[in-house]
Amino acid sequence: MSDGSARRNPGRPSGGETRYLRLKWLVFAILCALPLFGSTSMWLHGVSTIPLAAYGIVSVLTFLLYWSDKRKARADQWRTPENVLHALEFAGGWPGALLAQQVFRHKTRKVSFQVVFWFIVLLHQVFWIDHLFLGAHLFALF
């Protein structure tokens with residue numbers, strides 16, 4: 001353009017949109033694959049519906065709690081303790097937390113929070129790898 005302004009690329013997000021949306025959805029889908037497959041398998045084999053229900057219900061609850069905490073942060077009100085957020089993530093709400101972090105851009109820059117969050121996600125992945133492929137021997141030690 002002759003006026004020196006930069007052209008907008010229609011394929012790229014603007015300032016208010018999430019960056020790398022396709023990549024983030026791909027990572028989300030990959031991370032959810034094992035828990036979804038494992039918990040669905042448990043349900044279909046008549047073992048338990050608890051994991052499948054927990055991932056769904058607790059993820060929605062966690063997503064809503066992140067939304068509430070973000071609103072409280074903006075209004076300078078009393079916040080949700082991080083250990084409550086982490087407890088819900090550990091109880092199966094980490095998919096909802098991951099979505100909420102991206103949608104609300106909340107808790108994404110605090111390194112200490114992210115370390116604990118990703119450790120929880122890793123624990124869930126290891127649990128399902130053990131349960132689905134290793135005969136559930138790893139967590140039987142505890």
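Scanning the range 82-111 for residues that are in a helix (DSSP H, G or I) and either of a type in the set (K, R) or at positive phi (or both) yields a single hit, G92. Exactly one residue out of G96, G92 is crowded, with 19+ Cβ neighbours inside 10 Å, within 11 Å of the chain's Cα centre (by Cα) and within 24 Å of R22 (Cβ to Cβ): that is G96.
The single condition among (1) outside any helix (DSSP H, G or I); (2) at pLDDT 90 or above that G38 does not meet is (1). Only residues in the range 123-141 that are farther than 16 Å from F90 by Cβ count as the first member; pair them with residues that are at pLDDT 90 or above, Cβ under 6 angstrom, at least 6 apart or cross-chain, and list the lot. Qualifying pairs under 6 Å: H131/G38; L132/G38; A136/D130; L138/D130. For the range 42-81, the set of residues classified as within 28 Å of A136 (Cα to Cα), outside any helix (DSSP H, G or I) and not hydroxyl-bearing (S, T, Y) consists of H45, G46, V47, listed by residue number.
The values are calculated or read from the model by the stated rules, or taken from the named source; none is laboratory data. Predicted model, so just to flag it, every value in this text is computed and none were measured. All Cβ positions, glycine included, derive from the backbone under ideal geometry; neighbour counts span all protein chains shown.
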